[in-house]
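Below is one structure, written out as structure tokens; comments come after it.
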Amino acid sequence: MSPLEDGQNWSAQQGCHGDGSGDVLHERERSNGAEHGTEQPSPLSADSGPAGGEERRAATLGAIELSGGDCWESLLEEEEDAVETGSPITSGLNISVPGECSYLAHGIDSLDIGIYGQFGPMRWQQLEGELTKLKESAKNTRGVLHPSIPGCLVLAHGKRFYEWQLTLPEFHIFIRRSESANGQAPKVMAALDSSLLWKHGVHGAVGLVLEQVTQLGMSIDRVQVSRCDVCADFHIPGGLDDQALRTLLVPRNLKYRVFGKKRMETFHVGAGTSSIQCRIYDKTKEIIKSKKEWFYDIWKLERAEDVWRVEFQLRREALKSFQIDSLDDLDKKLGGLWKALTTLCISFRHRDNKNVSRRTVIPMWAKVQDVASRFGEVSELRRINPQPRADLKGALAQLWGRFVSVCAFFGITDLKEGLAVVLMLLENYSKAERFGELVAIRMVLFGVSEDTEGDE
């Protein structure tokens with residue numbers, strides 16, 4: 001059975017502070033120090049730990065802009081000069097690395113879809129007038145009941161580009177008034193709640209939504225995945241420690257926030273604008289607050305403590321880069337997608353090798369990576385760079401700036417002399433012997449084959 005058809009495999013929506021809200025324990029933007037003119041302290045440096053103990057640590061934390069939306073390069077290439085190779089963790093640090101970790105459940109946590117199709121001219125005229133009147137009546141209220149759709153509220157507001165919002169118990173429908181300028185935007189959008197996804201599976205849940213849209217008078221052509229949250233739940237006795245996650249996070253140039261009061265409840269990686277975001281949070285606390293006791297049935301537990309969720313949110317831009325458009329695409333690629341997200345995008349590794357890609361993955365995260373096979377066939381996904389030309393221009397601009405800086409350092413004003421000096425420096429650089437390997441890695445990440453033409 002397809003994982004998208006098995007409702008009981010799927011976990012529920014949004015966790016404790018899963019949306020990035022709540023008390024902030026610790027916060028740091030981790031980026032290249034040269035970019036901002038200052039060197040960013042490593043969590044392994046002697047002065048990076050906050051003085052004053054637990055109270056001081058309970059200050060601020062969580063979000064990662066994955067290198068401007070793309071986190072692949074830094075994991076594969078990042079190296080550090082100062083690494084203790086004799087021990088998995090730098091000595092002198094009191095870091096609690098998660099040990100025991102038991103799998104409980106996996107699934108799609110939330111799903112937004114775009115629905116393409118047409119309304120007949122007469123039906124559209126009728127529906128447009130009907131929804132306009134209901135929306136006007138809904139002003140200064142929590143919504144008005146639709147006269148012919150049981151349990152449906154028409155709200156006084158829609159969302160960007162979508163004039164009307166219809167809210168039903170377990171999903172929301174958004175309808176455009178006019179066609180988009182380029183004709184590429186869907187006429188209808190729908191957001192599915194986690195409870196619907198869990199009860200019916202993804203295909204079953206989407207089927208119920210499409211049935212309702214059809215009743216509105218739309219002839220449906222196709223469905224596109226606009227956003228999805230994929231997740232896995234684990235029992236981790238003793239919970240997770242934010243210091244361990246911050247110290248062992250790879251790549252290390254990521255931004256993050258940690259939310260909670262006296263202890264971490266959410267480790268959030270990803271800025272609000274990122275097409276990929278990761279949340280690791282205490283699911284037990286979330287179901288207590290939201291009264292989602294039915295989760296115990298999913299986990300096959302009578303009661304539970306220290307259940308933690310690892311969740312990735314993917315917006316349309318990210319899905320498109322993985323060539324995921326339809327529900328069938330998502331179904332076929334879930335295993336490979338989870339592998340890519342937990343291996344190339346973000347991981348937690350001991351600092352036991354200068355080459356980050358060769359560092360040992362901590363046992364807890366290895367269990368997280370193993371969930372890929374539970375989602376289905378684990379294929380190698382190739383992420384397509386949507387704007388290779390723009391990236392090339394940007395790379396050339398950066399290269400020129402660095403080249404000018406090197407020439408200025410040596411007092412060289414002649415272009416050819418500068419090129420000769422830089423060539424000599426590069427040939428003697430410590431990574432020069434890995435040049436072919438590093439180029440091959442970049443070619444895969446950029447979606448460039450060996451026979452790709454380089455000129456316009």
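The numbers here are math on the coordinates, done by the rules we state, and not lab data. These numbers were taken from a predicted model, which means no experiment stands behind them. Heads up, the Cβs are rebuilt from the backbone with ideal geometry, glycines too, and the neighbour counts pull from every protein chain shown.
A few points about this structure:
- 3J(HN,Hα) along the range 426-432, derived from phi through the Karplus expression 6.51 cos²θ - 1.76 cosθ + 1.60 where θ = phi - 60°, amounts to 5, 5, 9, 6, 4, 9, 4 Hz, with x in place of Gly and Pro.
- Karplus (6.51, -1.76, 1.60) ³J(HN,Hα), θ = phi - 60°, over the range 130-137, in Hz, Gly and Pro reported as x: 5, 5, 5, 5, 5, 5, 5, 5
- For the range 361-366, Karplus couplings with θ = phi - 60° (6.51, -1.76, 1.60), whole Hz, Gly/Pro x: 6, 5, x, 4, 6, 4
- When the listed pairs 133/332; 300/339; 159/320; 393/416; 262/320 are checked against a 31 Å cut-off, the alpha-carbon distance exceeds it for 133/332; 262/320.
- Interchain or long-range residues, amide H under 5 Å from residue 265's placed H: 259, 260
- Amide H partners (placed H, <5 Å) of residue 362, local residues excluded: 348, 349, 350
- With neighbours defined as other Cβ atoms within 10 Å of a residue's Cβ, the residues 124, 308 order from fewest to most as 124, 308.
- Residues 109, 221, sorted so that the one with the fewest Cβ neighbours within 10 Å comes first: 221, 109
- Footprinting exposure proxy for 247, 141 (fewest neighbouring C-beta atoms within 10 Å first): 141, 247
- Highest average first, the peptides 227-233, 265-271, 142-148 ordered by how many other beta carbon atoms sit within 10 Å of their residues are 265-271, 227-233, 142-148.
- Cleavage-rule hits, trypsin sites (Lys or Arg not before Pro), the range 245-352, DSSP coil, Cβ neighbours within 10 Å at most 13: 261, 262, 291, 300, 303
- Sparse-neighbour loop sites [chymotrypsin sites (Phe, Trp or Tyr not before Pro); the range 390-437; at most 16 other C-beta within 10 Å; DSSP]: 429
- Residues whose placed amide H lies under 5 Å from that of residue 271, excluding near-sequence neighbours: 64, 65, 66
- Rg/Rh for the range 388-446 (Cα atoms only, Rh after Kirkwood) is 1.04.
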